[in-house]
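Each remark here refers to the structure printed beneath this line.
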Amino acid sequence: MAFTKHFASIPQITYEGAESDNPFAYKYFNPDEKILGKKMKDHMRNAVCYWHTFRGTALDIFGPGTLVRPWEDGTNSQEMALKRTEVVFDFITKLGVEYYCFHDRDVAPEGANVAETNKNLWQVAEKLKQLQKASGVKLLWGTANMFSHPRFSQGAASTPNADVFAYCANSVKEAIDVTKFLGGENYVFWGGREGYNSLLNTDMGREQAHIAKFFQMAVDYAKKAKFDGQFLIEPKACEPTKHQYDFDSATVLGFLRKNGLDKHFKLNIEQNHATLAGHDFNHELAVCVADNALGSIDSNRGDVMNGWDTDQFPNDYRECAQSWGIILKQKGGLGTGGLNYDAKVRRDSYDIEDMFYAHICGIDTWARGLRIAAKIAADGELDKFVKARYSSYDKGIGKEIETGKTDFEKLQAYILKKGEAAPLASARQEYLENLFNKYC
Ligand code: XUL
Ligand code: CO
């Protein structure tokens, strides 16, 4: 079923297996195949992002957009917004993907005033609901864009201007309502301009306190509105601001705890944001999983040779194999989250075909990683090694440490009696790297 003719020349994307030479087929993603007791599609919960794939034109600071899409009429009108929705759903269904994500401003333009802006959003939401119903595609998460319009140039909840704060309250309230209306399973907060460019003009303590107030109001409103989706915060170190307050997972988790918000939020981790913070992606996942706080993933990659947010489609299946090893340690894996391909085709990948190749690559990268992670889990060697490495805590003095049955004085008496700690076993990093290679 197609709503438009725009992808008529592209075949339905299905699984053909690793031997296939068909560029319009999945080689590793077989949606209904069970891996570790669960369908691949239910582990992954793939989502197309509305902004890069349907609102991005690949403009950069050196030149205008290069992606000329035949369905676009060159305007940001409400009429175009309504028409575009059908093309979006055609793309998602042709890919065989089940979810999508959007910002309010991706789907509907601002009006002449706040009331008109809200009206535009709801009109498109009605259309999206019909399309979801007709196609079976679901909303993974919704969010509000509070970083593009000039009114947000000095922050959203961290703005020095209380009217802008109020404006943001309206945006998030409406976006939560629309997300609920569309059955969205999560709601994301990415604080694009929640940071500073200069400390000379910034009261950091006050700005952070305002963000905490804003989050608390969002929690209170969700309760009132009976929105039971998961709230997610998406950390990013910088860009567009010099320093973003939600710098990385550890910072966000500390902030949430400090403000008594930790039980209401999980995190949405983006690969390229992790590297901007000087971490690798899997570090960020591990920080979240250690805190049972991994909510969802925005999947992309940076370029190792430059340091900004290039948002390329992921292609490193070895990294993703390790990611799955971490994700699957959290009960329920990604839970209500999923893999949102927050990535854009390159400026010189002009064709509609490129949109498909890009998503096929991202989805297959994660699917191949999942297959490798399943082999690692089935073999059990790696898990056995890690368990053995910490086995001194399974009995005796180690068990007393873990269960809180000892203290400094008792431990001192213990080690004085022993005279020296037991010798350490090798951490075997190189052996384990060889082992990992064997599965890939
Ligand atoms: C920006 C980014 C956003 C969020 C949603 O770097 O990742 O698109 O995912 O606001
Ligand atoms: Co993102």
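The values are calculated or read from the model by the stated rules, or taken from the named source; none is laboratory data. On a predicted model such as this, the values are computed, not experimentally measured, just so you know. In this analysis, Cβ positions are derived from the backbone assuming ideal geometry, glycine residues included, and neighbour counts consider all displayed protein chains. All accessible areas refer to the heavy atoms of the entire protein, side chains included, with ligands and DNA or RNA removed. Shrake-Rupley method; radii C 1.70, N 1.55, O 1.52, S 1.80 Å.
Volume of the convex hull of the chain (Cα atoms only), normalised per residue: 181 Å³.
Pairwise alpha-carbon distances in the stretch 244-395 exceed 21 Å for 50% of all pairs.
Simple spin-label estimate for His149 and Glu319 gives 3.5 nm between the two label positions (7 Å along the Cα-to-Cβ direction from each Cα).
Measuring spread by the Cα atoms of the stretch 92-161 yields a radius of gyration and Dmax of 14.7, 45 Å.
Counting only DSSP beta bridges with both residues in the stretch 1-123, what percent are antiparallel, rounded to the nearest 5?
On the way: 3 of 8 bridges.
Of all bridge pairs located within the stretch 1-123, approximately 40 percent are antiparallel.
Restricting attention to the stretch 194-297, which trypsin sites (Lys or Arg not before Pro) occupy a DSSP loop and are surrounded by at most 10 other Cβ atoms within 10 Å?
Values: sites: Arg206, Lys213, Lys223, Lys224, Lys226, Lys236, Lys242, Arg257, Lys258, Lys263, Lys266; in loops: Lys226, Lys236, Lys242.
Hits after loop and neighbour filter: Lys226.
Show log10 I(q)/I(0) for the stretch 309-394 at q = 0.15, 0.22, 0.24 Å⁻¹, two decimals, from a solvent-free Debye sum over equal Cα scatterers. For the stretch 309-394, the Cα-only Debye profile gives -0.67, -1.07, -1.17. Rolling a 1.4 Å probe over the protein heavy atoms of the stretch 390-439, with every protein chain left in place, gives an accessible area that is 56 percent carbon and sulfur. Label sites at Tyr357 and Glu433, each approximated as a point 7 angstrom past Cα along Cα to Cβ, lie 3.2 nm apart.
The base-10 log of I(q)/I(0) for the stretch 390-439, evaluated at q = 0.15, 0.18, 0.21, 0.27 Å⁻¹, reads -0.58, -0.69, -0.80, -1.05 [Debye formula, identical scatterers on Cα atoms, solvent excluded].
Label sites at His243 and Thr4, each approximated as a point 7 angstrom past Cα along Cα to Cβ, lie 4.4 nm apart.
Assuming 0.36 nm per residue, please report the length gained on full extension of the stretch Ser392 to Leu59 beyond their Cα-Cα distance.
Numbers: separation 333, 0.36 × 333 = 119.88 nm, distance 5.65 nm.
Here the segment from Ser392 to Leu59 would lengthen by 114.2 nm.
Considering all different alpha carbon pairs of the stretch 1-106, the Kirkwood hydrodynamic radius works out to 15.8 Å. Loop exposure criterion: GluC sites (Glu not before Pro), DSSP state outside H, G, I, E and B, at most 10 other Cβ atoms within 10 Å. Applied to the chain, the longest stretch between such sites is 20-419.
Using r as the Cβ-Cβ distance of Ser135 and Asn113, and R0 as 35 Å, what FRET efficiency do you calculate, to the nearest 0.05? Intermediate values should be presented prior to the final figure.
On the way: r = 33 Å, r/R0 = 0.95.
With a Förster radius of 35 Å, E is 0.60.
Span-like helix check, the chain: qualifying full DSSP H segments, with Cα axial length of 30 Å or more and mean Kyte-Doolittle of -1.0 or more, are 114-135, 204-225, 352-379. All Cα-Cα separations within the stretch 171-220 were binned at 5 Å from zero, giving a P(r) of 5, 16, 23, 21, 14, 10, 7, 4, 1, each value a whole percent of the pairs.
Normalised by residue number, the volume inside the convex hull of the Cα atoms of the stretch 82-225 is 113 Å³ per residue.
Pick from Gly96, Gly337, Gly419: which residue has the top mean-square fluctuation in a GNM of the chain where Cα pairs under 10 Å get a spring? Checking each option, the largest mean-square fluctuation is seen for Gly419.
Rolling a 1.4 Å probe over the heavy atoms of the protein chains gives the chain an accessible area of 49 Å² per residue.
Contour minus end-to-end for Tyr221 and Ser77, with contour as 0.36 nm per residue of separation and end-to-end as the Cα-Cα distance? Present the calculation step by step, with values, prior to reporting the outcome.
Numbers: separation 144, 0.36 × 144 = 51.84 nm, distance 3.02 nm.
Separation in residues times 0.36 nm, less the Cα-Cα distance, equals 48.8 nm.
Under a point-charge model restricted to the Cβ atoms of Lys and Arg (+1) and Asp and Glu (-1), what is the dipole moment magnitude of the stretch 208-255 relative to its Cα centre, in debye to the nearest 20?
Details: 6 positive and 6 negative charges, 49 e Å.
Here the stretch 208-255 has a charge dipole of around 240 debye.
Length gain on complete extension for the stretch Ser426 to Arg257, per 0.36 nm per residue less the alpha carbon to alpha carbon distance? Intermediate values should be presented prior to the final figure.
Details: separation 169, 0.36 × 169 = 60.84 nm, distance 3.63 nm.
Once the chain is fully extended between Ser426 and Arg257, it gains 57.2 nm.
Computed over protein heavy atoms with a 1.4 Å probe, the carbon and sulfur contribution to the accessible area of the stretch 1-112 reaches 54%.
In terms of overall dimensions, the stretch 175-291 has a Cα radius of gyration and Dmax of 14.4, 44 angstrom. With unit charges on the beta carbon (Lys/Arg positive, Asp/Glu negative), name the residue among Gly111, Pro150, Ala358 whose Cα is farthest towards the positive pole of the charge dipole of the stretch 14-379. Checked the options; the winner is Gly111.
The charge dipole of the chain, taken about its Cα centre with unit charges on the Cβ atoms of Lys, Arg (+1), Asp and Glu (-1) only, comes to about 1320 debye.
May I ask for the longest run of the chain untouched by chymotrypsin sites (Phe, Trp or Tyr not before Pro) that are loop-located per DSSP and have at most 11 neighbouring C-beta atoms (other than their own) within 10 Å?
Details: sites that count: Phe62, Tyr390.
Excluding the exposed sites themselves, the longest stretch runs over 63-389.
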